[in-house]
Amino acid sequence: MHHFRYVQGRLQAENVDLESLAQRHGTPLYVYSKATVEDHFKRLDGAMNRLDHLVCYAVKANSNLAVLNTIANLGGGFDIVSGGELYRVLKAGGKAANCTFAGVGKTRAEIEYALKEGIYCFNAESEAEVRYINQVAGELGKKAPIALRVNPNVDAKTHAKITTGKSENKFGIDFESVLGAYEMIAKECPNLEIKGVQMHIGSQLTSVDPFLEAVQKVVPLVQEVKARFGLKFFSIGGGIGIVYRQSLDSGDTSWWQEQGEAAPLSVKAYADAVVPHLEQLGLRILLEPGRFMVGNAGVMLTRVLYEKRGSAKVFKIVDAGMNDLIRPTLYEGWHQIVPTTKPATDVTEKADVVGPICETGDYLAQDRDLAPVKAGDLLAVLSAGAYGFSMASNYNTRPLAAEVMVDGSKAHLVRERQTLDDILRGEHVLPDDKETA
């Protein structure tokens, strides 16, 4: 699952002590395990080896150049949702020809950039977008590769803010309307090349059932589109969930049962369920994992500043806030939080872990049974590799954290800590009226 373990009572990323990284680079600090990213990619890639396929990593989950370069070197493709993400992929050594461009609001500049770089395909999410891509491609004298994102109206049974495959979500074209949209492309859009069908039903799915339901529903549609218009690929999206509660001492899966937790959805169970339905298509199959690839590959280190004992609660006030990791506030996301020095006993106390941001919603955990940590202690917020730094902000004029990638016994600073001058760069006060009079 990951390469974070207590070794002689001290938490390590692969073979590097986390406390030493915090001392060298300060906190808050994101730390990623290269071996974990590689292991997750290889396991998913291998599980799909009965199919002609391409694993297209969802860049939005974690867009650090070192992460993207690691995946590019493994032969991975990329699922991008902006021109900026395409720029990152190219800077990291990835290929535009292995990129699919999703998102409901592509601008002219982004469409032009993607066409000039030669992306693999646009995944379009409305007929209006389809017509606009056709217009821009025609003006550039190019043929734009296109796939339609079909909304299968399948309930992924995940958090309301990360479900994407139901009719009331903003993503995709209704299942009942998508065939007509392909007919419109064939008749009215000479600057488009129909290349595929795409779907994505949501994120952090821990059961194979929604995946299977969506594939079984959409495969007949794909067969019809292929027969009528020709296709090269079918993208089944991403969404494989991860375990946010895990052992740091052993990889024994019996640990989850002992803790009353469900075992993680394995890539084998996922592949065993969906591959038989995909083999019959004779198409290239694309996957778009994000969280699965990097979620358990990262931790965020934060230092305890103060302890505050009130009449109602105990607060552990740390130097990382919702601007550094917004998932607990935005999604009620649960992250395991442990001290980097293994506690000598199992004694815990109930406390809130809160940050310095001037918001009541600024917390990393609430009513959590924690080891009795004190000011100065270092905590690791686990499973923070996905939607952690990539969703960070400068709220309260707080600099963005530094990022480190560990590769075996070596640790590399892959993003310098932002400075206050970095934050203010590009801002200007109004000129003095006396000077312009």
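The values are calculated or read from the model by the stated rules, or taken from the named source; none is laboratory data. Computed from a prediction, not measured in an experiment: that's the story for all the values here. Because the Cβ atoms are built from the backbone with ideal geometry, glycine has one as well, and the counts that use them run over all protein chains shown.
Could you identify the single residue in Glu332, Glu349, Glu359 that is of a type outside the set (S, T, N, Q) and within 16 Å of Leu379 (Cα to Cα)? Walk me through it before giving the result.
Values: Glu332 fails: within 16 Å of Leu379 (Cα to Cα); Glu359 fails: within 16 Å of Leu379 (Cα to Cα).
Residue meeting the stated conditions: Glu349.
Test Asp346 against the criterion of being among the charged types (D, E, K, R) and part of a loop (DSSP other than H, G, I, E, B), and give yes or no. Walk me through it before giving the result.
Details: among the charged types (D, E, K, R): yes; part of a loop (DSSP other than H, G, I, E, B): yes.
So Asp346 passes the test.
Any chance segment 308-315 includes a residue that's farther than 28 Å from Ser247 by Cβ, surrounded by fewer than 15 Cβ atoms within 10 Å (Cβ to Cβ), modelled with pLDDT under 95 and aliphatic (A, V, I, L, M)?
Yes, segment 308-315 has at least one match.
State which residue is farthest from Asp79 (Cα to Cα) when the search covers only segment 293-313 and only residues that are in contact with a Leu (Cβ under 9 Å, 6 or more places away or on another chain) and part of a strand (DSSP E or B). Let's see the steps before the verdict.
Here is the first cut: in segment 293-313, the residues in contact with a Leu (Cβ under 9 Å, 6 or more places away or on another chain) are 293, 296, 298-304.
Remaining after also requiring part of a strand (DSSP E or B): 298-304.
Working: Gly298: 20, Val299: 23, Met300: 25, Leu301: 28, Thr302: 31, Arg303: 34, Val304: 37 Å.
In this case the residue turns out to be Val304.
Are there strands (runs of 3 or more DSSP E) fully within segment 76-160 with at least 2 residues that are at pLDDT 95 or above, small (Gly, Ala, Ser) and surrounded by 23 or more Cβ atoms within 10 Å (Cβ to Cβ)? List them. Full working, then the answer.
Details: elements: 77-80, 99-101, 121-124, 144-151.
Here the list reads 144-151.
So which residues in segment 27-56 are in contact with a Lys or Arg (Cβ under 7 Å, 6 or more places away or on another chain) and either surrounded by 22 or more Cβ atoms within 10 Å (Cβ to Cβ) or of a type outside the set (A, V, I, L, M, F, W, C) (or both), if there are any at all? First the steps, then the outcome.
From segment 27-56, those in contact with a Lys or Arg (Cβ under 7 Å, 6 or more places away or on another chain) are 27, 47, 52-54; that's our starting set.
Residues satisfying the conditions are Thr27, Asp52, His53.
Cβ contacts < 7 Å: first residue surrounded by fewer than 16 Cβ atoms within 10 Å (Cβ to Cβ), restricted to segment 8-26; second residue among the acidic types (Asp, Glu), any location; separation 6+ or different chain. Result?
Final answer for the pair search is Arg10/Asp17; Arg10/Glu19.
If you scan segment 368-388, which residues turn out to be without any contact (Cβ under 8 Å) to a residue 40 or more places away in the chain and of a type in the set (Asp, Glu)?
First pass over segment 368-388, keeping only residues without any contact (Cβ under 8 Å) to a residue 40 or more places away in the chain: 368-369, 371-372.
Asp369, the sole residue that qualifies.
Can you pull out the residues in segment 60-108 that are more than 19 Å from Phe292 (Cα to Cα) and among the basic types (Lys, Arg)?
Across segment 60-108, the qualifying residues are Arg88, Lys91, Lys95, Lys106, Arg108.
Can you tell me which residue in segment 62-75 is nearest to Ser390 (Cα to Cα), limited to those that are hydrophobic (A, V, I, L, M, F, W, C) and crowded, with 24+ Cβ neighbours inside 10 Å? Can you show your working first?
Pass one, segment 62-75, residues hydrophobic (A, V, I, L, M, F, W, C): 65-68, 71-72, 74.
Those left that are additionally crowded, with 24+ Cβ neighbours inside 10 Å: 67, 71.
Numbers: Val67: 12, Ile71: 17 Å.
Per the stated criteria, the residue is Val67.
Would you pick out the residues in segment 318-333 that are surrounded by 15 or more Cβ atoms within 10 Å (Cβ to Cβ) and assigned to a loop (DSSP other than H, G, I, E, B)? Lay out the reasoning, then the answer.
Of the residues in segment 318-333, the ones surrounded by 15 or more Cβ atoms within 10 Å (Cβ to Cβ) are 318-331, 333.
Residues satisfying the conditions are Asp319, Ala320, Gly321, Met322, Asn323, Asp324, Leu325, Ile326, Gly333.
Residues are listed down the side, and each one gets a yes or a no for (1) over 30 Å from Asn69 (Cβ atoms); (2) within 21 Å of the chain's Cα centre (by Cα); (3) among the acidic types (Asp, Glu); (4) not in a loop (DSSP other than H, G, I, E, B):
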position	(1), (2), (3), (4)
His335	no, yes, no, no
Val338	no, no, no, yes
Pro356	yes, no, no, no
Thr360	yes, no, no, no
Asp367	yes, no, yes, yes
Tyr387	no, yes, no, no
Ala411	no, no, no, yes
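Of all residues in segment 71-98, which are without any contact (Cβ under 8 Å) to a residue 40 or more places away in the chain, under 22 Å from Ile285 (Cβ atoms) and aliphatic (A, V, I, L, M)?
Matches in segment 71-98: Ala72, Leu74, Ile80, Val81, Val89, Ala96, Ala97.
Would you kindly identify the strands (runs of 3 or more DSSP E) lying entirely within segment 4-66 that contain at least 3 residues that are under 24 Å from the mean Cα position of the chain (by Cα)? Spell out the reasoning first.
On the way: elements: 4-7, 10-13, 29-33, 53-58.
In segment 4-66, the matching strands (runs of 3 or more DSSP E) lie at 29-33, 53-58.
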